[in-house]
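The block underneath contains the structure these notes are about, expressed in structure tokens.
Taken together, the values in this text are just the output of simple stated rules run on the coordinates, not laboratory data. Predicted model only: the values in this text are computed from it and were never measured. Cβ: placed from backbone, ideal geometry, glycine included. Neighbour counts: every protein chain shown.
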Amino acid sequence: MKIKNICCLGAGYVGGPTMSVIALKCPEIKVTVVDLNESRIAAWNNGDLDKLPVYEPGLAEVVEEARGRNLFFSTEVDSAIEAADMIFIAVNTPTKNYGEGKGMAADLKFVELCARQIARIAKNDKIIVEKSTLPVRTAETLQTILDHTGNGVKFEVLSNPEFLAEGTAINDLLHADRVLIGGKQTESGQKAIQALVDVYAHWLSPKQILTTNVWSSELSKLTANAFLAQRISSINALSALCEATEADVDEVATAIGTDSRIGPKFLKASVGFGGSCFQKDILNLVYLCRYFNLPEVANYWEQIIILNDYQKYRFAKKIISSLFNTVSGKKITFLGWAFKKDTNDTRESAAIYVAEHLIEDGAEIHVYDPKVSEEKIKADMSYLWELKGFTEQKIESKLKQIFVYNSAEDALHQAHAVAVLTEWDEFKTYNWNSIFINMYKPAFIFDGRNILDAEELTAIGFQVKGIGKGY
Ligand code: NAD
Ligand code: UGA
């Protein structure tokens, strides 16, 4: 079966870039990305490519080439579903914040709504592809909803989890280590798998395309994120021990990472991992383990999150204790708010939680991030405080402790301390001599990413504190 028309439900960080690359590489396939969010779709259609809703290096060029040729962004969900032979579901699956499984389970209401909408609209057989990250056995739920339409339409459900990382999405898609496709072992299941293999085969070699049963594919996604996050929590746990013993965490990471069995990647100690997925996917894994009555397994994976929370708290506490046990009324400049460099995404960013601790202690937080707006930063903090049950009035008053700048120079002027929260390359290029002159003394730098040259900064006169460093 040759796919001619693809529709993707969800034009977010995954739907937008993945479909852009599929459209780029498969010019004979019409790809329509739809979303309920009108402003997001308008931004995808914006003539000014700097205004795309997702910032990713290389994305604008891909969109420029494919958009209007065989790549379309639209809010007309029903007609896109009707026309498609293959439908990707790439909607959000956040942690549930209500009812059964609150704070742990994935909220599948958006995915279920997609299935119901497809079931209602479809008039001919379709392949449904789970692109969102889902708990193992979700395909069963989708199939049940789809099979109960009574209109004779046949659906094959595939699992095709996405492994791209933000900030490198285009490169990850173009040069994927692997794509994973799970499907049923039946004849029609295998045909559906082959149809999706043929899409990816436009630019990936057969050995990069793994096929499995549906459940292995679904579970592999949660597992991959849990393993990646586990490495970060492991090295971050050791960073605390390094600080207590004068071992250097980067030296330890290099020493262990050269063992080919361990490998060098994902061993960068930090202020704590953020991003929309690691925490939510691990919480979901923990929930599933408890659901299947495996408490020891659940507790094992949960420790990754506990350690990550500890790391963010530890960083904030270090700032407070270094600044003579209070930051009340002091100006702390945050360099970076995004959860990692080269993205405008701030979901679950460590910066949010560090800011919260410091604001609690009375600090003024002055933020500069090259890609994140004031509106976003304030919305992130408001959302956190709303979840904590703060009144609107209390939130308004706390927001007065946050100041956001378009220039690092302004943000740093007359600060008591600088905290590096995101590893943006530009922070390394600043004139730290003149920054020092304009700061209160002693001038502190807390490098939550270990990206600055501590020796050079110490020579200028800064009091420098890194993660997992003796200084
Ligand atoms: P996102 O929030 O950026 O985008 C999801 C979009 O889906 C939103 O724009 C929303 O309006 C839209 N949507 C919701 N319900 C809809 C419906 N019924 N019809 C049409 N559109 C609808 O989320 P994201 O970061 O793109 O993540 C999507 C999924 O991919 C999640 O399951 C996530 O875990 C997974 N994932 C994300 C990443 C990542 O780097 N962000 C990587 C791999 C996997
Ligand atoms: C992660 C995975 O890397 C992707 O494979 C996966 O598809 C995606 O989650 C997802 O499912 O959403 P992402 O969160 O975009 O991608 O970015 P990462 O590069 O994994 O970084 C996550 C967080 O860990 C960031 O805050 C980053 O700064 C931090 N990190 C990463 C470290 O602190 N140390 C490291 O060594 C690596």
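For the range 206-211, just list the computed ³J(HN,Hα) in residue order, Karplus coefficients 6.51, -1.76 and 1.60, θ = phi - 60°, integers in Hz, with x standing in for Gly and Pro.
Going residue by residue, I get x, 6, 8, 10, 9, 10 Hz, with x marking Gly and Pro.
About its Cα centre, how strong a charge dipole does the chain have in debye, to the nearest 20, once Lys and Arg get +1 and Asp and Glu get -1 at the Cβ?
Numbers: 50 positive and 61 negative charges, 156 e Å.
Value, rounded to 20: 740 debye.
Most exposed first by the Cβ proxy, i.e. fewest other Cβ within 10 Å, how do Lys109, Lys330 rank?
Values: Lys109 13, Lys330 20.
Final ranking by Cβ density, sparse to dense: Lys109, Lys330.
Kindly express, to the nearest 10 degrees and within the range 0 to 90, the angle between helix 138-147's C-alpha long axis and the longest C-alpha principal axis of the chain.
Orientation of helix 138-147: about 40 degrees from the principal axis.
Kindly write out, for the range 221-226 in residue order, the coupling ³J(HN,Hα) from the Karplus curve 6.51 cos²θ - 1.76 cosθ + 1.60 (θ = phi - 60°), rounded to whole Hz, with x marking Gly and Pro.
5, 4, 5, 4, 5, 5
Quick one: angle between helix 295-322 and the longest Cα principal axis of the chain, in degrees between 0 and 90, rounded to 10, please.
For 295-322 against the chain, the angle is about 30 degrees.
What list of whole percents do you get for P(r) of the chain, with Cα-Cα distances grouped in 10 Å bins up to the one holding the largest distance?
Final binned percentages: 4, 19, 27, 25, 16, 7, 2, 0.
So which aspartates and glutamates can Lys191 reach, going by Cα to Cα under 15 Å and dropping same-chain residues fewer than 8 places off?
Qualifying aspartates and glutamates at Cα under 15 Å: Asp85, Asp125, Glu156.
Across 5 Å bins from the origin, how do the percents of Cα pairs in the range 228-466 run, short distances first?
Reading the bins upward from 0: 1, 6, 13, 17, 19, 17, 12, 8, 4, 2, 1, 0.
Whole-Hz Karplus ³J(HN,Hα) for the range 407-415, in order, using 6.51 cos²θ - 1.76 cosθ + 1.60 and θ = phi - 60°, x for Gly and Pro?
In residue order, the calculated couplings are 9, 5, 4, 5, 5, 8, 4, 6, 8 Hz.
Sequence-distant or interchain residues sharing an amide H contact under 5 Å with Thr212, placed H: which?
Residues meeting the amide H criterion: Ile181, Gly182, Gly183.
From the cross-link list Lys268/Lys331; Lys268/Lys465; Lys330/Lys398, which pairs have alpha carbons spaced over 24 Å apart? Each step should come with its number before you reach the end.
Values: Lys268/Lys331 28 Å; Lys268/Lys465 16 Å; Lys330/Lys398 15 Å.
Table pairs above 24 Å Cα-Cα are Lys268/Lys331.
Specify the angular offset, from 0 to 90 degrees and rounded to the nearest 10, of the alpha carbon long axis of helix 374-387 from the longest principal axis of the alpha carbons in the chain.
It works out to around 80 degrees.
Please tell me the relative contact order of the chain in percent, rounded to the nearest whole number, where contacts are Cα pairs under 8 Å and at least six residues apart.
Details: 895 pairs, mean separation 56.3, N = 471.
Rounded, it is 12 percent for the chain.
Determine the calculated [θ] at 222 nm for the chain from helices alone, applying -39500 (n - 2.57) to every DSSP H run no shorter than 4 residues and normalising by the residue count; nearest 500 deg cm²/dmol.
So the calculated ellipticity at 222 nm is -13500 deg cm²/dmol.
With all pairs of different alpha carbon atoms counted, what Kirkwood hydrodynamic radius in Å does the range 202-357 show? Numbers along the way, then the final one.
On the way: mean 1/r = 0.0562 Å⁻¹.
For the range 202-357, inverting the mean 1/r across all distinct Cα pairs yields 17.8 Å.
Pulled fully out, how much extra length does the chain show between Gln185 and Glu61, if you take 0.36 nm times their separation in residues and subtract their Cα-Cα distance? Could you put the intermediate results ahead of the total?
On the way: separation 124, 0.36 × 124 = 44.64 nm, distance 3.88 nm.
That works out to 40.8 nm of additional length.
How many angstrom lie between the C-alpha centres of the range 77-154 and the range 214-273?
First find each Cα centre; the distance between them is then 34 Å.
Which of the lysines could be linked to Lys96 by a straight reach, that is with a Cα gap under 17 Å, when you skip same-chain ones fewer than 8 residues away?
Within reach: Lys109, Lys280, Lys388.
Could you tell me the convex hull volume per residue, in Å³, taken over the Cα atoms of the range 6-86?
77 Å³
Among all the lysines, which ones have a C-alpha under 16 Å from Lys25's C-alpha, if same-chain residues fewer than 8 places away are not counted?
By straight Cα distance, Lys25 reaches Lys2, Lys4.
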